[in-house]
Amino acid sequence: MWDADGREYIDLWMAHYDAILGHSPEPVVNALREILSDGLHVGIPMEYEAVLAAMITELMPCAEMVRFCCSGTEADMYAVRLARGFTGRNIILKIEGGFHGAGTDLSVNVFVPHFRGKEGIGLIPSLEQYTRSVIFNDIDDTYQAIQEAEEDLAAVIIEPALGAFMLPAEAEYLAFLREETKKRQALLIFDEIITGFRIGLGSAQEYFGITPDLTTMGKVMGGGMPIGAIGGRADILEISSVQRNVPQWEKIFIGGGTYSANPLSMVAGITTLNILKERKDDIYPVIDARNKRLCEGIQNAFDAVGIPIHLTRFGSLMAVHFLKEKGLPIKNAGDIIKHTLTAEKEEFAARMRNHGIYFLRSSALSTEHSDADIDAIVAAAEECAREMAEDR
Ligand SMILES: Cc1ncc(COP(=O)(O)O)c(C=O)c1O
């Protein structure tokens, strides 16, 4: 990547973790050139959306049906409506520090200091009555919130790895959510907008062996074009189907959208998923192993200068946390507040950019990051660690 002054960077942001095949994968770019020669958008169903939907239903364990939209925000907005419409209940439980885009329903306890409260003005006062938050990986806290929601619990929505900190859920926590939601006929929704097709072809749900009722997707499956999708149980998604011969007011109204399922996003998505399918054994294990080596290198760099850090890692994703003291645990958003130093985290990212590594708060590797790139990133982290130790 080059900035406006021509300075070169190794990118670790990778288009919001989307660009798993790099910024300019030739087969995807060529497929887009070809489809562009047919024209732009027509706004009626085309075969490409059926092809991409079939690929998703084959790969994503929970997806019996799929509905496309243009962003992850939209997908999460629709998932909440599907959950409320299907169950006839109101309360959604989300995770403290969980990010699901900018939709109103889930704009609670995301980033605000201490991850508590509404995200800003313009949100209705009753929002927190119906969107409540629980502590990630905390079974007791979550059980209490589930009990308090009583018969009005529509769904629990969770990122299987908390994207703001690249913190994977504990398997027993997800198993607990699966069991409790099932017992109460509430829905379990996985937001796999970051983890979908990045953690493996079957995504985080296959990795953990837990099948939610609905999954929201985006990023990787759009191959660099705008996309969102909801997949899940057919009995839930069918209630929103345009083919159902009942009046609109008996359906769950989701979908439409001028650019939903537009051919550019569909073709980029099909080409990307085909590459991931065909080369899965050379892609996932390789980028995951490189990420492990990268994390070990950064950890060693800071151990060597006596600055306590902790790296969270999931597949090809990672984040660096600066600890107030060595050994403090990071299991949830509260631990980020209590046990980590955000100013140091920002400082490290800024110093990495000065050393030609485009690093923000967390990172994602792609097939285009070579072993030599990992060496260069680790060497830059070593420089930054030395500088930070000297300046303390
Ligand atoms: C976990 C998660 N959910 C939802 C979204 C929103 O997706 P989009 O930016 O496509 O609206 C994001 C975006 O970063 C995300 O990380």
I need every pair where a residue in region 45-61 that is over 14 Å from Thr271 (Cα atoms) has its Cβ under 8 Å from the Cβ of a residue that is assigned to a loop (DSSP other than H, G, I, E, B) and among the acidic types (Asp, Glu), sequence separation at least 6 or different chains. Thr57/Glu64; Met60/Glu192
Could you say which residue among Ala155, Ala175, Ala169 is among the small types (Gly, Ala, Ser), more than 17 Å from Gly315 (Cα to Cα) and either within 12 Å of the chain's Cα centre (by Cα) or surrounded by 22 or more Cβ atoms within 10 Å (Cβ to Cβ) (or both)? Ala155
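Going through region 74-102 one residue at a time, which ones are in contact with a helix residue (DSSP H, G or I) (Cβ under 7 Å, 6 or more places away or on another chain) and among the β-branched types (Val, Ile, Thr)? Steps first, please.
Of region 74-102, the ones in contact with a helix residue (DSSP H, G or I) (Cβ under 7 Å, 6 or more places away or on another chain) are 82, 85-86, 89-93, 96-97, 100-102.
Within region 74-102, Ile91, Ile92 qualify.
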Mind telling me which of the residues Glu206, Glu278 ends up being surrounded by fewer than 20 Cβ atoms within 10 Å (Cβ to Cβ) and over 21 Å from the mean Cα position of the chain (by Cα)? Glu278
When restricted to Ile377, Ile336, Ile330, the only residue of a type in the set (Val, Ile, Thr) and either assigned to a loop (DSSP other than H, G, I, E, B) or in the same structural domain as Val220 (by TED's automatic domain parsing) (or both) is Ile330
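If you go through region 136-144 one residue at a time, do you hit one that is surrounded by 18 or more Cβ atoms within 10 Å (Cβ to Cβ), within 21 Å of Arg84 (Cα to Cα), under 22 Å from the mean Cα position of the chain (by Cα) and more than 16 Å from the ligand (Cβ to nearest atom)?
Keep residues of region 136-144 that are surrounded by 18 or more Cβ atoms within 10 Å (Cβ to Cβ), which gives 136-138, 142.
Going one step further and asking which of them are within 21 Å of Arg84 (Cα to Cα), we end up with 142.
If we keep only those that are under 22 Å from the mean Cα position of the chain (by Cα) as well, we get 142.
When the remaining residues are screened for being more than 16 Å from the ligand (Cβ to nearest atom), the result is 142.
Among the residues of region 136-144, at least one is surrounded by 18 or more Cβ atoms within 10 Å (Cβ to Cβ), within 21 Å of Arg84 (Cα to Cα), under 22 Å from the mean Cα position of the chain (by Cα) and more than 16 Å from the ligand (Cβ to nearest atom), which makes the answer yes.
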Only helices (runs of 4 or more DSSP H) wholly contained in region 1-110 count here; list those with 2 or more residues that are out of contact with any Ser or Thr (no Cβ under 9 Å at 6 or more places or on another chain) and surrounded by 18 or more Cβ atoms within 10 Å (Cβ to Cβ). 47-59, 72-87
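Across region 144-162, what is the number of residues that are of a type in the set (Gly, Ala, Ser) and either modelled with pLDDT under 95 or touching a helix residue (DSSP H, G or I) at 6+ places or on another chain (Cβ under 6 Å) (or both)?
Let us first name the residues in region 144-162 that are of a type in the set (Gly, Ala, Ser), namely 145, 149, 154-155, 161.
Still in the list and also either modelled with pLDDT under 95 or touching a helix residue (DSSP H, G or I) at 6+ places or on another chain (Cβ under 6 Å) (or both): 154-155.
Total satisfying the criteria: 2.
Take the residues in region 51-79 that are of a type in the set (A, V, I, L, M) and within 12 Å of the ligand (Cβ to nearest atom); name whichever of them is nearest to Glu150 (Cα to Cα). Break it down stepwise before answering.
First pass over region 51-79, keeping only residues of a type in the set (A, V, I, L, M): 51-56, 59-60, 63, 65-66, 75, 77, 79.
Okay, now just the ones that are also within 12 Å of the ligand (Cβ to nearest atom), so 75, 77, 79.
Working: Ala75: 26, Met77: 23, Ala79: 21 Å.
Only one residue tops the list, namely Ala79.
Given Leu264, Leu237, Leu201, which one is more than 16 Å from the ligand (Cβ to nearest atom), crowded, with 20+ Cβ neighbours inside 10 Å and either farther than 18 Å from Asp18 by Cα or of a type outside the set (Gly, Ala, Ser) (or both)? Show your work before the answer.
Numbers: Leu264 fails: more than 16 Å from the ligand (Cβ to nearest atom); Leu201 fails: crowded, with 20+ Cβ neighbours inside 10 Å.
After applying the criteria, what remains is Leu237.
Answer yes if at least one residue in region 234-248 is closer than 30 Å to Asn30 by Cβ and either in a helix (DSSP H, G or I) or modelled with pLDDT of 95 or more (or both), and no otherwise.
Residues of region 234-248 that are closer than 30 Å to Asn30 by Cβ, as a first pass: none.
No; the residues of region 234-248 include none that is closer than 30 Å to Asn30 by Cβ and either in a helix (DSSP H, G or I) or modelled with pLDDT of 95 or more (or both).
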Which residues, taken from region 96-139, are without any contact (Cβ under 8 Å) to a residue 12 or more places away in the chain and among the hydrophobic types (A, V, I, L, M, F, W, C)? Val112, Ile121
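The values are calculated or read from the model by the stated rules, or taken from the named source; none is laboratory data. Quantities reported herein were computed from a predicted structural model and do not represent experimental measurements. Because the Cβ atoms are built from the backbone with ideal geometry, glycine has one as well, and the counts that use them run over all protein chains shown.
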